[in-house]
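Please read the structure below before turning to the comments.
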């Protein structure tokens, strides 16, 4: 297998407070890893390290791709751009010409049943629609690594289930590796193979049908 992401002995601290310590993690192509734990335990820090937005104080983070999609707690759409323009933006940033970028963005919006709202601005969309636009923006780049930072926060139960169905389908089609931070174990994608639980006592991996394994040991 070819790892997309490798953490080797990673430690991170802020102002003398240790957030992560001695974390070893290998994420393979197509693997989905859920990250759970209480607020302030280091879940978002782990995502920032994975995305290359922050650097560890100890150890190394090796990223084998630049095709990364990021879905945040809030959609973070540009209010002065339409849904189509928001989704096309990362393609334009990659250097794709405007016309093919718009065509790919339109196709992705259609995939998420938002074709009729391509010309709508974010303030014209419901919360669930805005989060679907956020998903479209993340997947339009055909990511090899997807980072999900509690994407269902603030949605009512029915919307959460609907967005989760879209996410499950897109992950299945894309075959992307994914790190999914959540407070609620019920929100994890259906194809999740492992759970990384961050606790005050240290991180541990949980495997379906197996006892938790310390995160500092080899886990294949």
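The values are calculated or read from the model by the stated rules, or taken from the named source; none is laboratory data. Because the structure is a prediction, the values reported are computed rather than measured. In this analysis, Cβ positions are derived from the backbone assuming ideal geometry, glycine residues included, and neighbour counts consider all displayed protein chains.
Quick look at the values:
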read-out: Filter result for the condition that a residue is touching a residue at least 40 places away in the same chain (Cβ under 8 Å), touching a strand residue (DSSP E or B) at 6+ places or on another chain (Cβ under 7 Å) and loosely packed, with under 13 Cβ neighbours inside 10 Å, over 191, 200; value: 191
read-out: Qualifying residue in the range 157-173 (condition: outside any helix (DSSP H, G or I), in contact (Cβ under 8 Å) with a residue 12 or more places away in the chain, touching a helix residue (DSSP H, G or I) at 6+ places or on another chain (Cβ under 8 Å) and not assigned by TED's automatic domain parsing to the domain that holds residue 33); value: no
read-out: Among the candidates 60, 65, residue that is loosely packed, with under 14 Cβ neighbours inside 10 Å and touching a strand residue (DSSP E or B) at 6+ places or on another chain (Cβ under 9 Å); value: 60
read-out: Single condition residue 87 does not satisfy, out of (1) under 17 Å from residue 204 (Cα atoms); (2) at pLDDT 90 or above; (3) buried (at least 18 other Cβ atoms within 10 Å of the Cβ); value: (1)
read-out: Whichever residue in the range 175-191 is modelled with pLDDT of 85 or more and not in a strand (DSSP E or B) and, among such residues, is farthest from the chain's Cα centre (by Cα); value: 175
read-out: Output for the range 11-37, where each listed residue is surrounded by fewer than 17 Cβ atoms within 10 Å (Cβ to Cβ) and closer than 24 Å to residue 171 by Cβ; value: 28, 29
read-out: Test: residue in the range 137-146 that is over 17 Å from the mean Cα position of the chain (by Cα) and buried (at least 16 other Cβ atoms within 10 Å of the Cβ); value: no
read-out: Pair list, Cβ < 7 Å and 6+ apart or interchain, from the range 5-18 residues that are within 19 Å of residue 145 (Cα to Cα) to residues that are at pLDDT 90 or above and exposed (fewer than 13 other Cβ atoms within 10 Å of the Cβ); value: 6/62; 8/60
